[in-house]
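The values are calculated or read from the model by the stated rules, or taken from the named source; none is laboratory data. This one's a predicted model, so the numbers in the text were calculated from it and none came from an experiment. Here the Cβ positions follow ideal geometry from the backbone for every residue, glycine too, while neighbour counts run over all protein chains shown. In case anyone asks, the SASA skips ligands and DNA or RNA and just uses the protein heavy atoms, side chains included. Shrake-Rupley method; radii C 1.70, N 1.55, O 1.52, S 1.80 Å.
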Amino acid sequence: MNAPLIDPFARPISYLRVSVTDRCDFRCVYCMAENMTFLPKKELLTLEELDRISTTFIRMGVEKLRITGGEPLVRKGIMTYFQAMARHLDSGALKELTLTTNGSQLRRFARDLADCGVRRVNISLDTLDDKKFADITRWGRLAQVLDGIDAAQEAGLRVKINAVALKGFNEDELFTLQKWCAERGMDLTFIEVMPMGDLGNEDRLDQYWSLKDLRATLAEQFSLTDLTERSGGPARYVQVEETGQKIGFITPLTHNFCESCNRVRLTCTGELYMCLGQEDMADLRAPLRAAPDDAVLEAAIRSAILRKPKGHDFDYSRQKVDGQVSRHMSHTGG
């Protein structure tokens, strides 16, 4: 392995999130506009290029790889990429290969993912109500997602549910979601809605539900114990003593989690974002295609990591969406 990737604030970069497509079979209201214009296929990194750039990062010290989108499982031939990454699990260079998905395609792919060495998946699910699910995903089918969750558990995958906390939408389902996850042995993480992308008719300030308030509501019925463990991502966890369940909170607005940030994000076009909440990015597609060897690519990666900022600028405190970035969440990777 080459010298490890260290950013200007002495944080080692060991976690890469790779968006393999900007396309999705849902249109979640906090993620993308209803009538999205997707990228031409010629602009996307090929599966072979995704393999090469991921392998380069692994050689430079990345130990955790999370595959995202859009919806990663709608990309044609995507299992070829997962199968390629399995060799790094086999060698021990890669410690974990996971993905974030909306669950819609898991009935088709869960067993194959498990065979490639995937051991757990994060599934985005904000409501268990059919109508509300259709409203928030615009195109979504709740029954298909629930069947995908069944398929994942049948394949032996650990499932964590990610729910975006949305004021006036799923506040009344807090305990419903918590109980349902506990009964199925699934962890649950709540995420504050983040100000990313112009969605046309969505007011992020009106959607914002502070997780401090959510946690306080949970504590009215349960005993919550703070856990010191970290999953490699930004979540902070508590244990529900009555059920043994683990609940996470991702709080970019009420708690800035940047001090321990160990991750960067690669888009499906080869842009490397050193921070989710900043516009600065580095183009890795050009150096990737510039030469058959990886020296130019490695130099571009190291240069980019040296530009990683100390933290993001998300802020709702002044009754307007400060720190908003112009790209959609689906562009950077969920």
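Brief remarks follow.
- Every pair of residues 6+ apart whose Cβ atoms lie under 8 Å, when the first sits in the range 296-307 and is without any contact (Cβ under 8 Å) to a residue 12 or more places away in the chain and farther than 16 Å from residue 278 by Cβ while the second is open to solvent by less than 60 Å² (accessible area, probe 1.4 Å) and in a helix (DSSP H, G or I): 296/287
- Taken over the range 158-177, the criterion of being open to solvent by 10 Å² or more (accessible area, probe 1.4 Å) and in contact with a Leu (Cβ under 9 Å, 6 or more places away or on another chain) is satisfied by 160, 162, 171, 173, 175, 176.
- Considering the conditions (1) closer than 29 Å to residue 224 by Cα; (2) at pLDDT below 95; (3) in a loop (DSSP other than H, G, I, E, B); (4) open to solvent by less than 60 Å² (accessible area, probe 1.4 Å), residue 128 is excluded by exactly one of them, (2).
- Here residue 222 meets each of (1) at pLDDT 95 or above; (2) part of a strand (DSSP E or B) with one exception, condition (2).
- Tabulated pairs, the range 21-37, first polar (S, T, N, Q), second open to solvent by 30 Å² or more (accessible area, probe 1.4 Å) and not in a loop (DSSP other than H, G, I, E, B), C-beta under 8 angstrom, 6+ apart or interchain: 21/74
- Among the residues of the range 23-55, the ones that are of a type in the set (Val, Ile, Thr) and either buried (at least 19 other Cβ atoms within 10 Å of the Cβ) or in contact with a Ser or Thr (Cβ under 9 Å, 6 or more places away or on another chain) (or both) come to 2 in all.
- The condition of being closer than 26 Å to residue 41 by Cα, in contact with a Phe, Trp or Tyr (Cβ under 8 Å, 6 or more places away or on another chain) and either of a type in the set (Lys, Arg) or at pLDDT 90 or above (or both) holds for only one of 296, 264, that being 264.
- Among the residues examined, residue 61 does not qualify as crowded, with 21+ Cβ neighbours inside 10 Å and not β-branched (Val, Ile, Thr).
- Residue 143 vs. criteria assigned to a helix (DSSP H, G or I), among the hydrophobic types (A, V, I, L, M, F, W, C), open to solvent by 60 Å² or more (accessible area, probe 1.4 Å) and modelled with pLDDT of 95 or more: yes
- Sole residue being without any contact (Cβ under 8 Å) to a residue 60 or more places away in the chain, part of a helix (DSSP H, G or I) and among the small types (Gly, Ala, Ser), chosen from 10, 86: 86
- Among residues of the range 36-83, those that are hydrophobic (A, V, I, L, M, F, W, C), assigned to a helix (DSSP H, G or I) and more than 22 Å from residue 13 (Cα to Cα), counted: 5
- Every pair of residues 6+ apart whose Cβ atoms lie under 8 Å, when the first sits in the range 156-168 and is more than 15 Å from residue 125 (Cβ to Cβ) while the second is among the acidic types (Asp, Glu) and open to solvent by 60 Å² or more (accessible area, probe 1.4 Å): 167/206; 168/206
- Any hit, the range 56-64, residues being at positive phi and touching a Leu at 6+ places or on another chain (Cβ under 9 Å): yes
- Of the residues making up the range 297-310, those that are crowded, with 16+ Cβ neighbours inside 10 Å, among the aliphatic types (A, V, I, L, M) and touching a helix residue (DSSP H, G or I) at 6+ places or on another chain (Cβ under 9 Å) are 297, 300, 301.
- Test: residue in the range 249-260 that is out of contact with any Lys or Arg (no Cβ under 6 Å at 6 or more places or on another chain), open to solvent by less than 50 Å² (accessible area, probe 1.4 Å) and at pLDDT 95 or above: no
- For the range 131-140, a residue qualifies if it is assigned to a helix (DSSP H, G or I), of a type outside the set (A, V, I, L, M) and crowded, with 16+ Cβ neighbours inside 10 Å, and the qualifying residues are 132, 133, 137.
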